[in-house]
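Report on one structure; see the data block that follows.
The values are calculated or read from the model by the stated rules, or taken from the named source; none is laboratory data. In this text, all values refer to a predicted model and were calculated from it rather than measured experimentally.
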Amino acid sequence: MLNALLTALFEILFIGPAPDALPAAPLALLFVAVGAAVVWYLAHGAVPVPVGDTTAGRTDAMRRRSARLAVPALRDPDAAGRPRPRAPGTAP
C-alpha cells in the first residue's frame, strides 16, 4: 500500500496530475508539504529514533556526578540545644 501511495505521489510530482484530477489549492498544499519535508530532511538529515532504554546514560552520569561530590559532614545529634528523640512506647 505504501508503494502505491509513493508511486502516485511521484507520478503527480514528476508528470503532473490530470487536468481535472486535483484542484489547484490541494495541489499547492501537497507541494508545500512535500517541500517542507524535503527541506527538513536536508537540514536535519536522517536521524534514527533511539531504540531501547535511553535513561541508562543519564543515570550513569548521575551516579558518576554523585560519586565525585564530597561527603557531607554529619552533625552531632547530641549537640547542645537539639531536642532528644523520644523513646518508643507510651508517654508518661
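Here Ala43 fulfils each of the conditions (1) over 19 Å from the mean Cα position of the chain (by Cα); (2) at pLDDT 70 or above apart from (1).
Can Gly52 be described as among the small types (Gly, Ala, Ser) and at pLDDT 75 or above? Talk me through it step by step, then tell me what you get.
Values: among the small types (Gly, Ala, Ser): yes; at pLDDT 75 or above: no.
Here the answer is no, as Gly52 does not meet what is asked.
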